[in-house]
Amino acid sequence: MLLPVKKEYGQHFLTDRNILEVIGRLAELSARDTVLEIGPGEGVLTRYLAERVGHVHAIEIDRSLAPRLCDLGDNVDVTFGDALDIELPRDATKLVANLPYNVATPLIVESLDGLPDVALWCVMVQREVGDRLFAEPGTKAYGSVSVLVQLVCERTGFHPVSRTVFRPRPNVDSALVAFRRVALPDDYARVKKIVVASFAHRRKTLPNSLELAGVASRSQAAAALAAVGRDESSRAETLRPREFVALAGAL
């Protein structure tokens with residue numbers, strides 16, 4: 001029997017098992033892995049992972065799915081709760097998930113520094129989100145999430161996904177994106193604060209945006225931009241990721 005889908009959770013369950021092999025390849029699964037899966041849904045991906053990795057931590061917000069998430073294997077534990085609110089397992093070495101559409105971006109961003117042992121991500125997201133993660137400066141898709149992900153990771157794979165692999169069929173295109181941790185910049189919390197503030201008022205110049213966000217005065221921001229070789233009329237979307245590290249240092 002098909003369980004009803006709850007739109008408030010952004011649920012789109014995987015139904016096509018062929019996509020699992022693509023996920024397995026991009027996630028470079030091995031028996032040494034401890035995988036965090038957020039939003040296991042009906043357990044299709046969970047069972048696939050359990051057969052190939054050392055351990056799976058599955059986090060599911062919808063308790064009505066409990067009957068579908070039992071007997072998954074001795075190497076699987078399921079926790080019911082909101083992944084944005086509960087403490088996530090710190091021993092995860094990979095994050096492999098068909099992420100709920102409505103929380104994909106904050107989950108990815110928070111995992112960059114919140115889950116320091118995660119070395120590789122392989123996530124199913126809206127195509128728009130997937131494009132945004134590794135967007136180039138000066139493009140419409142480039143934003144704070146682009147900068148933060150690119151400061152920490154390098155992309156290792158990208159695979160467009162048909163709408164037909166989900167139940168219910170989403171109204172948007174999807175993509176699998178894989179990326180590997182390279183390094184966390186020094187004083188990352190400070191850099192993250194500067195990046196978020198810089199894009200908070202996207203249409204304004206950086207000095208104005210940083211001042212409005214309460215991070216620095218306009219004159220301080222202008223001086224910092226000059227120190228990194230940028231004009232005070234610069235906007236956030238023109239700076240490359242590493243330039244935000246330099247800007248945070250100059251501030």
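The values are calculated or read from the model by the stated rules, or taken from the named source; none is laboratory data. Predicted, not measured: the structure shown is a model, and the values here were computed from it. Backbone-built Cβ (ideal geometry, glycine too); neighbour counts: all protein chains shown. Each accessible area value is taken on the protein alone, full model and side chains, heavy atoms only, with ligands, DNA and RNA left out. Shrake-Rupley method; radii C 1.70, N 1.55, O 1.52, S 1.80 Å.
Things to note:
- Degrees, to the nearest 10: 218-227 long Cα axis against longest axis of the chain: 90 degrees
- For the chain, the mean residue ellipticity at 222 nm estimated from helices alone is -9500 deg cm²/dmol, where every DSSP H run of n ≥ 4 contributes -39500 (n - 2.57) and the total is divided by all residues, rounded to the nearest 500.
- Rounded to whole Hz, the Karplus (6.51, -1.76, 1.60) HN-Hα couplings of the range 32-48, x for glycine and proline: 7, 6, 10, 9, 9, 10, 9, x, x, x, 8, x, 5, 5, 4, 5, 4
- Expressed to the nearest 5 percent, the antiparallel share of DSSP beta bridges inside the chain is 50 percent.
- Residues whose amide H falls under 5 Å from that of Val161, counting only those 5 or more places apart or on a different chain, are Ser174, Ala175, Leu176, with hydrogens built in the peptide plane.
- Candidate aspartates and glutamates - alpha carbon under 20 Å from Lys140, same-chain residues fewer than 8 apart omitted: Glu128, Asp131, Asp173, Glu237, Glu243
- Taking all protein chains together, Ser30, Ser174, Ser162 sort by accessible area into Ser162, Ser30, Ser174, largest first [probe 1.4 Å].
- Cα-derived Rg over Rh, computed across the range 112-251 with Rh taken as Kirkwood radius: 1.04
- Normalised alpha carbon radius of gyration of the chain [divisor 2.2 N^0.38 Å]: 1.09
- Selection of trypsin sites (Lys or Arg not before Pro), the range 63-115, meeting DSSP coil and at most 16 other Cβ within 10 Å: Arg90
- Per residue accessible area in Å² of the range 98-251, where ligands, DNA and RNA are left out and the probe is 1.4 Å: 44 Å²
- When Asp173, Asp71, Asp187, Asp82 are compared by accessible area at a 1.4 angstrom probe, the order from most to least is Asp71, Asp187, Asp173, Asp82.
- For GluC sites (Glu not before Pro), the sites in the range 70-176 that DSSP calls loop and that have at most 13 other Cβ atoms within 10 Å are Glu87.
- Across the range 235-243, rounded Karplus estimates of 3J(HN,Hα) from the backbone phi angles (6.51 cos²θ - 1.76 cosθ + 1.60, θ = phi - 60°) give 10, 4, 5, 8, 8, 7, x, 5, 5 Hz, Gly and Pro being marked x.
- Carbon/sulfur fraction of accessible area - the range 140-251, other protein chains in place, 1.4 Å, %: 47 percent
- Rotationally averaged projected area of the range 124-168 (alpha carbon convex hull; nm²): 3.8 nm²
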